Amino acid sequence: MDSPAPAGDTSTTRIVARSSMMDWIRACGLAGVRIDKEELRRRLLMPQHLRLAMLDSIRKQDVDGGDHHFLSRSSDGIPIPESPMVVFINSRSGGRHGPVLKERLQQLISEEQVFDLFDVKPHEFVRYGLACLEKWANNGDISAKETRQNIRVVVAGGDGTVGWVLGCLGELHQKGRDPVPPVAVIPLGTGNDLSRSFGWGGSFPFAWRSAIKKTLHQATTGPICRLDSWHLVVQVPGGEVSDPPHSLKATEECHLDQTLEIEGNVPDKLNCYEGVFYNYFSIGMDAQVAYGFHHLRNEKPYLAQGPISNKIIYSGYSCTQGWFLTPCISDPSLRGLKNILRIHIKRARCSEWEQIPVPKSVRAIVALNLHNYGSGRNPWGKLKPDYLEKRGFVEAHADDGLLEIFGLKQGWHASFVMFELITAKHIAQASSIRLEIRGGEWKDVFMQMDGEPWKQPMSQEHSTFVEIKRVPYQSLMISRE
């Protein structure tokens, strides 16, 4: 066991990591009072001219595209909702539930306020839909002003979908278009760690019809919490990322921290990528397993029809990759990351870079922001105060400006960590991280962020750099009461 964790510690933090059973009970709607459908709709439904104007602006990709709905409307007796809401749904998530859930949400609110992500992208909503409301609010329309001020967002999808929407809403921070709508979650993915971290559950509930009403109700009343987001830059020497995820975009320039000098020669040609993550970044064996699983699922989609079958296939696939036999295998791809990796960090309230050792036993290193990883597990653990003081750590929170860095050794160690029998190998807490990777015998290395893996080709002559820094603004999440 790598570190002590207290037994029977049930103290809460600002964001509570709830048990899967409790999540399931709450998600099924077994607790609480009956939600009246008409009363709920009255609280969520926007005036018709606003709904139609937003939708036309998005479809035409023109802020002025819905102006005629304002000019032709009657000015009297227009109800303004207490908690106007829009829903983004990944209708292909959640197995067979996606399409029926979309239909149910449209019945409970309206067709114009439920956006299928295959038809309407989050950035289109931000740039045209919200901009339409802002324009008419500035022109003196009271209903547009109050709707824009109070609007909330629900995302029905997995962690990747939630991160996509949060990233697009981040444009509002950058351009000073306050307030930024807070986000609630209907979990449709496999891991759903973002959803778990804010109390929305880890799976799509069986009693989903009543549960959806309760989720919408609680999304209007739940307290708002802050969530750190992390900007990641990848600098590749003369090569490209293999199969980059949609959250990792090519960029013309790399902006690595100049206060930490790069040793050795810099190649003439560099390729740069950047992205944002909210839960975790990892490098090594766990990302390799995730990469193989994603390709298997894409090649044979009939094998993965829902979260349970996904987890069974994922577990089985991890056994075929050699992680459980690492101590006995000489394949370089299964050896410790110490052979290829150098880590520099900035600690809390410190502006200086510090190199930290890479434990020789670890095959995967994770930088974690939330309490939840790998479908609701807490590999960092709930640590005793004396251990925190001894290691120079602080209690972990999702809005503390720090990432928890830990290592996983081989498959058996990772399994014990995932069953929470032990904690992971604690390495550090950091406000910024730089990874320097050099190939040697390794031809490529696997990475992932928020469940989206990719294969990174490596050079024997020049280093690949990954730098992680906190985004200066925080995302807003709705916590389930």
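Some notes on this structure:
- Within segment 269-279, the set of residues being out of contact with any helix residue (DSSP H, G or I) (no Cβ under 8 Å at 6 or more places or on another chain) and either among the polar types (S, T, N, Q) or part of a strand (DSSP E or B) (or both) comprises LEU270, ASN271, CYS272, TYR273, GLU274, GLY275.
- Residue selected from segment 338-364 under the condition out of contact with any Asp or Glu (no Cβ under 9 Å at 6 or more places or on another chain) and in a strand (DSSP E or B), by the criterion surrounded by the most Cβ atoms within 10 Å (Cβ to Cβ): ILE356
- Just one of the numbered conditions (1) closer than 22 Å to ARG470 by Cα; (2) modelled with pLDDT under 85 is not true of VAL366: (2).
- Note on segment 442-456: residues that are of a type outside the set (Phe, Trp, Tyr), open to solvent by 10 Å² or more (accessible area, probe 1.4 Å) and either without any contact (Cβ under 8 Å) to a residue 24 or more places away in the chain or more than 21 Å from LEU166 (Cα to Cα) (or both) total 3.
- Residue check: GLN113 meets all listed conditions (1) in contact with a Pro (Cβ under 7 Å, 6 or more places away or on another chain); (2) modelled with pLDDT of 95 or more; (3) of a type in the set (S, T, N, Q) but one, namely (1).
- In this entry, ASN265 passes the filter for residues that are of a type outside the set (Val, Ile, Thr), under 23 Å from VAL445 (Cα atoms) and part of a loop (DSSP other than H, G, I, E, B).
- Residue count for segment 113-140, restricted to those that are within 26 Å of the chain's Cα centre (by Cα) and assigned to a helix (DSSP H, G or I): 11
- Test: ARG73 is open to solvent by 10 Å² or more (accessible area, probe 1.4 Å), at pLDDT below 90 and farther than 27 Å from ILE212 by Cβ: yes
- Complete set of residues in segment 170-208 that are part of a helix (DSSP H, G or I) and surrounded by fewer than 22 Cβ atoms within 10 Å (Cβ to Cβ): GLY170, GLU171, LEU172, HIS173, GLN174, TRP208
- Just one of the numbered conditions (1) open to solvent by 10 Å² or more (accessible area, probe 1.4 Å); (2) modelled with pLDDT of 90 or more; (3) touching a Leu at 6+ places or on another chain (Cβ under 8 Å) is not true of ARG104: (3).
- Taken together, the residues in segment 430-441 that are surrounded by fewer than 22 Cβ atoms within 10 Å (Cβ to Cβ) and basic (Lys, Arg) amount to 1.
- For segment 417-429, the criterion of a residue being among the acidic types (Asp, Glu), within 23 Å of PRO245 (Cβ to Cβ) and open to solvent by 30 Å² or more (accessible area, probe 1.4 Å) is satisfied by no position.
- Residues of segment 125-149 that turn out to be surrounded by fewer than 19 Cβ atoms within 10 Å (Cβ to Cβ) and farther than 18 Å from HIS173 by Cβ, as a count: 7
- Count of residues meeting criterion [open to solvent by 60 Å² or more (accessible area, probe 1.4 Å) and either aromatic (Phe, Trp, Tyr) or within 19 Å of the chain's Cα centre (by Cα) (or both)] in segment 457-481: 3
- Scanning segment 107-124 for residues that are open to solvent by 40 Å² or more (accessible area, probe 1.4 Å), within 23 Å of GLY158 (Cβ to Cβ) and either touching a His at 6+ places or on another chain (Cβ under 8 Å) or of a type in the set (Asp, Glu) (or both) yields a single hit, ASP119.
The values are calculated or read from the model by the stated rules, or taken from the named source; none is laboratory data. Computed from a predicted model, the values in this text were never measured in an experiment. Every residue, glycine as well, gets a Cβ built from its backbone with ideal geometry; the counts of neighbours run over all protein chains shown. Please note that ligands, DNA and RNA were not included when accessible areas were found on the heavy atoms of the full protein model with its side chains. Shrake-Rupley method; radii C 1.70, N 1.55, O 1.52, S 1.80 Å.
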